[in-house]
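Before any comments, here is the structure.
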Amino acid sequence: MKRAVPLAITFLTGFFLVVSFFIPHEPFGELEQRLLIWFAIVSGFTMLLGVDNLVRAHVRRVTRRPAGWGHSVALIVGLVVTVVLGVIGFVRYGSPFHIQSPFMFLYTYSIIPLQATMFALLAFFIASASYRAFRARNTVATLLLVSAVIVMLGRVPIGSASSHVFPAAQEWIMNYPQLAAKRGIQIGAALGAVSMSLRILLGIERSYLS
Amino acid sequence: MAKSGDTKSFWERMESIDRRVIFLILLVVVAIPLVISVGVEIPPTAPVIEAHEAVESLEAGDVLMVSIDFDATSAPELIPMLESVLRQAFEKDVKVVMLGHIAIGLPLGHVALEEAAAELGKIYGVDYVDLGYRPGYVAVMIAMGREISDVFATDYQGTRLADMEITRDLHSYEDVDLLFGFEHGAVIDYWVRYVQARFGQRMTFGTTAVMAPDAYPYLQAGQIEGLVGGLKGAAEYETLIGVPGMATRGMPAQEWAHLLVIGFIALGNMGFFFTRRKRRRSAAEAGQA
């Protein structure tokens, strides 16, 4: 019973959603809309579960004090400050996202610079990794190297200013070899998703129950 | 006694430059063009021209839905193109409906929207609205195809959609003339698969340079109208609307950084070839001995 009921719910839900995709009329259309709204509500609750899990894990680290437990303190303080400022913004301005809300101050002068800094570091690692990885060790590596250089030159103004060949070659690489590989990957992934979905709907794949 | 590192030849050194040296040189090369303004010509490419024309095809009173699907990590690439699109739309008296699927990024879009609206004298609830964020993006996208107020009952401030002029008659994608998504992840796939393919929604996208290749299949298949890719795409868009901004100012830095990386790759490969030849020669001499 503990397995049969979830399997039946999964099959019926999946079946009705598939049918409603092809027959969006009543009663399937209305049923699909209701299920989608439920899904959005459940997604909201998963965020609460995530916060609960995060807080529990880091409170445990603070109480046990393993190496690096100070980072957990920073996380908890950051979380509490963000929530408090969000609530103040909601009470005073009707929304934490109001331009004058204290949450937006935190967002603009703390969250944005932190995120931007993390991502900006990537430029340095990419420069170092490109220098080490793009070596003409064999034919395939040489093809990759030449393609990378053409795309890099074609993507900046000096490439088009020095010769019309670079932008044209860059466009060709993006439109044909790159696209062919990308389509192959996407078609493979889509077939895999269809296959996995069918396995779940038919009850063959049951790992999500454990 | 000299250390073994001191006996390295020039090409051996070029084959293994310390990454801290690369970081330092890159920092200098990126910083100089940002400090000293260097003008560059940025001719627009076909995908950006198509995206610009898609917005240009809208008429006064039409609805442009703008989706903020990025966060601060991609802001330097995507905010300039967002600002350009908002400016272009507001100048044409197109109504802008903003929403987002990345909760932490939506305030970035909101700030850009408020700034553009203030600059061009637009009124909230009449000329533009921010619907905010709802979790479960695939469900949200599909449900909006039937009734937008089923998922967005209110805007980000809690005002009911029925109480605002701009959203009073906004019910589904049939009431949206163009969707312009700003993407740094896989949300673009869901927009195309679930909204373009199912509801036939006209859409175009601005993406980070890293994500642009993922959008090319949709562009070539005609599922999306135009593509603005990365900082260069944003700079091209600024060229098209005739208002140079952050992207145009950032292009020289990107240009110099690309040239530096190409230079390092060339040095690394020369070092690799010369040291390999040297190693082979030494091995042959050792074999003869």
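The values are calculated or read from the model by the stated rules, or taken from the named source; none is laboratory data. Here the structure is a predicted model, which is why all the values come from computation and not from measurement. Backbone-built Cβ (ideal geometry, glycine too); neighbour counts: all protein chains shown.
Only one residue in B:E225, B:E255, B:E236, B:E285 is within 7 Å of chain A (Cβ to nearest Cβ) and either free of Cβ contacts under 8 Å to residues at least 24 places away in the same chain or not hydrophobic (A, V, I, L, M, F, W, C) (or both), so which one is that? Just one listed residue meets the conditions, B:E255.
Looking only at the stretch B:237-288, residues that are closer than 16 Å to A:V156 by Cα and of a type in the set (A, V, I, L, M, F, W, C) come to 10 in all.
Taking the stretch B:31-88 as the range and being more than 25 Å from B:R134 (Cα to Cα), at pLDDT 95 or above and charged (D, E, K, R) as the test, the residues that pass are B:E50, B:E53, B:E56, B:E59, B:R87.
Residues of the stretch B:123-140 that are within 24 Å of the chain's Cα centre (by Cα) and at pLDDT 95 or above: B:Y128, B:V129, B:D130, B:L131. Among helices (runs of 4 or more DSSP H) entirely within the stretch B:5-86, having at least 2 residues that are under 17 Å from the mean Cα position of the chain (by Cα) singles out B:46-56.
Looking at A:F124, is it more than 22 Å from the chain's Cα centre (by Cα), surrounded by 19 or more Cβ atoms within 10 Å (Cβ to Cβ), within 7 Å of another protein chain (Cβ to nearest Cβ) and at negative phi? For A:F124, the condition - more than 22 Å from the chain's Cα centre (by Cα), surrounded by 19 or more Cβ atoms within 10 Å (Cβ to Cβ), within 7 Å of another protein chain (Cβ to nearest Cβ) and at negative phi - is not met. Could you tell me whether any residue of the stretch B:134-147 is of a type in the set (K, R), part of a loop (DSSP other than H, G, I, E, B) and away from every other protein chain (no Cβ under 12 Å)? Checked the stretch B:134-147: no residue is of a type in the set (K, R), part of a loop (DSSP other than H, G, I, E, B) and away from every other protein chain (no Cβ under 12 Å). The set of residues in the stretch B:125-158 that are surrounded by fewer than 19 Cβ atoms within 10 Å (Cβ to Cβ) and in contact with a Ser or Thr (Cβ under 9 Å, 6 or more places away or on another chain) comprises B:G125, B:P135, B:R146, B:E147, B:S149, B:Q157, B:G158.
In a residue-by-residue description of the stretch B:108-122, the property of being within 14 Å of chain A (Cβ to nearest Cβ), part of a loop (DSSP other than H, G, I, E, B), buried (at least 21 other Cβ atoms within 10 Å of the Cβ) and within 22 Å of the chain's Cα centre (by Cα) applies to no position. Scanning the stretch B:186-196 for residues that are assigned to a helix (DSSP H, G or I), over 19 Å from the mean Cα position of the chain (by Cα) and free of Cβ contacts under 8 Å to residues at least 24 places away in the same chain turns up at least one hit.
Out of curiosity, is A:A136 at the interface with chain B (Cβ under 7 Å from one of its Cβ atoms) and within 24 Å of B:S16 (Cα to Cα)? Yes, satisfied.
Each row is one residue, and each column tells you yes or no for (1) in a helix (DSSP H, G or I); (2) small (G, A, S); (3) surrounded by 19 or more Cβ atoms within 10 Å (Cβ to Cβ).
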{"residue": "B:E225", "(1), (2), (3)": "no, no, yes"}
{"residue": "B:V228", "(1), (2), (3)": "no, no, yes"}
{"residue": "B:A234", "(1), (2), (3)": "yes, yes, yes"}
{"residue": "B:V243", "(1), (2), (3)": "no, no, no"}
{"residue": "B:H258", "(1), (2), (3)": "yes, no, yes"}
{"residue": "B:M270", "(1), (2), (3)": "yes, no, no"}
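Considering A:L7, A:L31, the condition of being over 25 Å from the mean Cα position of the chain (by Cα) and within 12 Å of chain B (Cβ to nearest Cβ) is satisfied by A:L31 alone. Between A:L122, A:L106, the distinction of being at pLDDT below 95 and touching a Leu at 6+ places or on another chain (Cβ under 8 Å) belongs to A:L106 only. Sort out which residues of the stretch A:27-69 are of a type outside the set (A, V, I, L, M, F, W, C), surrounded by 15 or more Cβ atoms within 10 Å (Cβ to Cβ) and modelled with pLDDT under 90, and write them in order of number. The answer is A:E32, A:Q33, A:S43.
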